[in-house]
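J.: Below you'll find the structure I mean.
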Amino acid sequence: MDEDAKEARKIYNTYGKFFVKKEEKNPDRKKISQIIISVINDSREKKILDAGCGTGKECELLAKRGAKVVGIDVSEFMIKLARKRCKNLGVKFFLRDMERTGFERESFDLVLSVFSLMYKKNLKAVLKEFRRILKKDGELLVVVPHPIERMVRHTKNYFKRGKFLKINGNIRYFNYHWTLEDYLNTIISQEFKIEEIKELGSSSLEENYYPHYLVIKAKAI
Ligand SMILES: C[S@@+](CC[C@H](N)C(=O)[O-])C[C@H]1O[C@@H](n2cnc3c(N)ncnc32)[C@H](O)[C@@H]1O
């Protein structure tokens, strides 16, 4: 595990409950899950990796739709919650860094990364790993906070790439800010073809004048 993965592990093991509550209160979460399902089309029989699975929300949704799902995360606390949520659904969970998953090459039909890529400094290494474990024509689905949202709420400067600190009461945690071209060009550079992009607003009306979430669907070529 690199330093960021170790830091993320510590943050989610220590403040996991806070993040779970925050996510439960997110009015946009249902919409995001619906978009994920609609973009994936048919998940039956697909072998899917959820990289940075957290509490296993998407693992549960996809397993219930007939997919064979594997979830990985760096946090023991999150994996524990995910195992509980997905009990009896046949989902397998492993404590692993998404940059070095340890799976055999061409093991998956689909790799999903929902709100986890922004914990990584080396996007290229992660995308290389995703491409390695995906079958040819396999799908990649990435959901991240939209870079414009990062700028409005955090960095103020769109081009100020890199690690930044988020503070919420006593809780301090980090994210990386990458621009739209960073995400898209890195994905393209690792032998993926971008197939679809969605920019989603927020349900909160006063903040609905800029995109909050970025969804990228790509195909392994
Ligand atoms: C914001 S949560 C998102 C969880 C879940 N995908 C969701 O959408 O609800 C980010 C998750 O990524 C995990 N994570 C952070 N860095 C990681 C890494 N390098 N490898 C695997 N998981 C990581 C965290 O432990 C945390 O559970």
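Taken together, the values in this text are just the output of simple stated rules run on the coordinates, not laboratory data. Model, not experiment: these values are computed from the prediction. We place every Cβ from the backbone using ideal geometry, glycine too, and count neighbours over all the protein chains shown.
J.: Calculate the spin-label point distance for Asn88 paired with Asp42, positioning each point 7 Å from the Cα along the beta-carbon direction, and give it in nanometres.
T.: Rounded to a tenth, the inter-label distance reads 2.8 nm.
J.: Choose one of Leu110, Met98, Leu123: the residue whose Cα lies farthest towards the positive end of the charge dipole of the range 91-130 (beta-carbon charges +1 Lys, Arg; -1 Asp, Glu; about the Cα centre).
T.: The Cα lying farthest towards the positive end belongs to Leu123.
J.: Students often forget the sequence filter, so: which aspartates and glutamates lie under 13 Å Cα-Cα from Lys30 once same-chain residues fewer than 8 apart are removed?
T.: Within the straight-line limit of under 13 Å, Lys30 reaches these aspartates and glutamates: Glu58.
J.: Note down, for the range 98-176, the three equivalent ellipsoid semi-axes (square root of 5 times each alpha carbon gyration tensor eigenvalue), biggest first, whole angstrom.
T.: Ellipsoid semi-axes (Å, largest first): 29, 13, 11.
J.: Okay, next question. Could you pull out every residue, at least 5 positions away or on a different chain, whose amide H is within less than 5 Å of the one on Met98? Hs are placed 1.01 Å off N in the peptide plane, and Pro or chain starts have none.
T.: Those lying under 5 Å, H to H, from Met98: there are none.
J.: Rounded to two decimals, what ratio of Rg to Rh does the chain give with C-alpha atoms and a Kirkwood Rh?
T.: For the chain, the value is 0.93.
J.: OK, next. Using only alpha carbon pairs under 8 Å that are at least six residues apart, calculate the relative contact order of the chain and give it in whole percent.
T.: About 17 percent, as a whole number.
J.: While we're here: What is the set of long-range amide H partners of Lys120 at a cut-off below 5 Å, with H atoms built 1.01 Å from backbone N?
T.: Tyr176
J.: If you don't mind, there's one more thing I want to ask. Hey, can you rank 63-69, 126-132 by average C-beta count inside 10 Å, highest first?
T.: Output ranking for 63-69, 126-132: 126-132, 63-69.
J.: Identify which of Thr14, Thr186, Thr55 has the largest mean-square fluctuation in a Gaussian network model of the chain, with springs joining Cα atoms closer than 10 Å.
T.: The residue that fluctuates most here is Thr14.
J.: Between Tyr158 and Thr179, how many nm apart are label points set 7 Å from Cα along the C-beta direction?
T.: 0.8
J.: Tell me, what HN-Hα J-couplings in whole Hz come from the Karplus equation 6.51 cos²θ - 1.76 cosθ + 1.60 at θ = phi - 60° for each residue of the range 141-149, using x for Gly and Pro?
T.: Per-residue couplings from phi come out as 10, 10, 10, 9, x, 5, x, 5, 5 Hz.
J.: Can you tell me the dipole magnitude for the range 122-221 around its Cα centre, using point charges on the Cβ only (Lys, Arg +1; Asp, Glu -1), in Debye to the nearest 20?
T.: 500
J.: Quick one: grab the alpha carbon gyration tensor of the range 18-91, order the square roots of its eigenvalues as a ≥ b ≥ c, and give me rounded if a/c is under 1.5, else prolate or oblate depending on whether a/b is larger than b/c.
T.: Since a/c reaches 1.5 but b/c is at least a/b, the shape of the range 18-91 is classed as oblate.
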